[in-house]
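Asker: Here it is, the structure, as structure tokens.
The values are calculated or read from the model by the stated rules, or taken from the named source; none is laboratory data. Nothing here was measured: the structure is a model prediction, and the numbers come from that model. FYI the Cβ positions are ideal-geometry reconstructions off the backbone, even for glycines, and counts take in every protein chain you see. Quick note on the areas: whole protein, heavy atoms, side chains included, nothing else; ligands and nucleic acids left out. Shrake-Rupley method; radii C 1.70, N 1.55, O 1.52, S 1.80 Å.
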Amino acid sequence: MRKLTLILGLILVFTASLMADASDDLFKKANDHYMKEEYSTAIDIYEELTNQGYQSAELFYNLGNAYFKSNLIPSAILNYERALKLAPGDEDINFNLKIANLQTVDKIKEMPLPFFVEWWHGIRSLFSSGMWGGLALLAFWLAAAAFIAFLYTRSQGTKKISFTAASAFIILTIVFFFFGMQTYTEETNRKEAIVFSESSYVKTSPDEGATDLVILHEGTKLEVLDDLGDWRKIRLADGNVGWILKTDIEII
């Protein structure tokens, strides 16, 4: 039985390795087509990778660039936003997203946030959830080492320093872990979307006959609040809330 389990485990590891190699080969192939300015072919291969479940900031960033070069702005913005969820502090992604957003029709002014909220978001977006998790783990082990030093040293001065260090690293562990959890929630958040319809009316209620609130154009980002039939309840950056057809938007 143990031999069978070992064999199955080796098969799974080997299969996973082959799949990873195949994904890497496809990614390199897509990049080659992109460098040759064969953007349509590159897009097809990048999309094939995403359909296989392969995700990375680099993949979405390159896919966004290919769509941008093809003048498919909504798809470019969608993939830049997906890349940004995985690498929130990446300057290239942020820059290209700003350039793509300049190509959109709607210029919705965002509601101002209190300075401390912007400060908090700014710090949180410095790293991905994985990086915050790594920092939390490092701080925890440093706290453990400092506490061991506190227990076994005989010098009162060293005890005081090690206890202070252990306390500080424990606090950092909690802070880093909290940032990591919040960032992970943001990365996995599926409540934002991009308008893909050339023009789409936002209604006061989920009904074609309802009053029009505003007309949106392709590339506009919005927050999804609820679903009802063929409609999604959405909120815009300026705080306006309404209903839009599901077929007109794509979830980030």
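Asker: Are any residues in segment 150-189 among the aliphatic types (A, V, I, L, M) and open to solvent by 40 Å² or more (accessible area, probe 1.4 Å), and if so, which ones?
Answerer: Leu151, Ile161, Ala168, Ile170, Ile171, Leu172, Ile174, Val175, Met181 - these are the residues of segment 150-189 that are among the aliphatic types (A, V, I, L, M) and open to solvent by 40 Å² or more (accessible area, probe 1.4 Å).
Asker: Every residue in segment 33-63 that is buried (at least 17 other Cβ atoms within 10 Å of the Cβ), in a loop (DSSP other than H, G, I, E, B) and among the polar types (S, T, N, Q), please.
Answerer: Correct list: empty.
Asker: Moving on to the next point. Quick one: how many residues across segment 210-219 are open to solvent by less than 50 Å² (accessible area, probe 1.4 Å), among the aliphatic types (A, V, I, L, M) and assigned to a strand (DSSP E or B)?
Answerer: Residues flagged as open to solvent by less than 50 Å² (accessible area, probe 1.4 Å), among the aliphatic types (A, V, I, L, M) and assigned to a strand (DSSP E or B) within segment 210-219 amount to 1.
Asker: Under the condition of being of a type in the set (A, V, I, L, M, F, W, C) and modelled with pLDDT of 85 or more, which residue from segment 1-27 is surrounded by the fewest Cβ atoms within 10 Å (Cβ to Cβ)? Before the answer, list the steps.
Answerer: Pass one, segment 1-27, residues of a type in the set (A, V, I, L, M, F, W, C): 1, 4, 6-8, 10-14, 16, 18-20, 22, 26-27.
If we keep only those that are modelled with pLDDT of 85 or more as well, we get 26-27.
On the way: Leu26: 16, Phe27: 18.
Selected residue: Leu26.
Asker: Keeping to segment 85-99, report how many residues are under 16 Å from the mean Cα position of the chain (by Cα), open to solvent by 30 Å² or more (accessible area, probe 1.4 Å) and of a type in the set (A, V, I, L, M, F, W, C).
Answerer: Summing the residues that are under 16 Å from the mean Cα position of the chain (by Cα), open to solvent by 30 Å² or more (accessible area, probe 1.4 Å) and of a type in the set (A, V, I, L, M, F, W, C) in segment 85-99 gives 2.
Asker: Do you know which residues across segment 190-202 are open to solvent by 40 Å² or more (accessible area, probe 1.4 Å) and under 23 Å from the mean Cα position of the chain (by Cα)? I'd like the intermediate steps shown before the answer.
Answerer: First pass over segment 190-202, keeping only residues open to solvent by 40 Å² or more (accessible area, probe 1.4 Å): 190-191, 196, 198-199, 201.
Matches in segment 190-202: Arg190, Lys191, Phe196.
Asker: Would you list the helices (runs of 4 or more DSSP H) that sit entirely within segment 64-164 and hold 2 or more residues that are in contact with an Asp or Glu (Cβ under 7 Å, 6 or more places away or on another chain)?
Answerer: Fully inside segment 64-164 and qualifying: 73-86.
Yes/no per residue for (1) within 28 Å of Gln55 (Cα to Cα); (2) modelled with pLDDT of 95 or more; (3) more than 23 Å from the chain's Cα centre (by Cα):
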residue	(1), (2), (3)
Glu208	no, no, yes
Leu216	no, yes, yes
Leu225	yes, no, no
Gly229	no, no, yes
Trp243	no, yes, yes
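Asker: Can you tell which of Ala76, Ala30, Ala66 is over 27 Å from Ala237 (Cβ atoms), crowded, with 16+ Cβ neighbours inside 10 Å and of a type in the set (Gly, Ala, Ser)?
Answerer: Working: Ala76 fails: over 27 Å from Ala237 (Cβ atoms); Ala66 fails: over 27 Å from Ala237 (Cβ atoms).
Result of the check over Ala76, Ala30, Ala66: Ala30.
Asker: Could you identify the single residue in Trp141, Trp119 that is surrounded by fewer than 13 Cβ atoms within 10 Å (Cβ to Cβ) and at pLDDT 95 or above?
Answerer: Just one listed residue meets the conditions, Trp141.
Asker: Given Asp238, Asp207, Asp227, which one is of a type in the set (Asp, Glu), more than 28 Å from Ala83 (Cβ to Cβ) and not in a helix (DSSP H, G or I)?
Answerer: Values: Asp238 fails: more than 28 Å from Ala83 (Cβ to Cβ); Asp227 fails: more than 28 Å from Ala83 (Cβ to Cβ).
After applying the criteria, what remains is Asp207.
Asker: Six or more apart or on different chains, Cβ under 8 Å: which pairs go from a residue in segment 157-182 that's within 27 Å of Leu86 (Cα to Cα) to one that's surrounded by 13 or more Cβ atoms within 10 Å (Cβ to Cβ) and of a type in the set (Phe, Trp, Tyr)? Could you list them?
Answerer: Correct list of pairs: Phe169/Phe140; Ile170/Phe140; Thr173/Phe140; Phe176/Trp132; Phe177/Trp132; Phe179/Phe127; Phe179/Trp132; Gly180/Trp132.
Asker: Is it the case that some residue within segment 220-243 is of a type in the set (Ser, Thr, Tyr) and open to solvent by 70 Å² or more (accessible area, probe 1.4 Å)?
Answerer: Scanning segment 220-243 turns up no residue that is of a type in the set (Ser, Thr, Tyr) and open to solvent by 70 Å² or more (accessible area, probe 1.4 Å).
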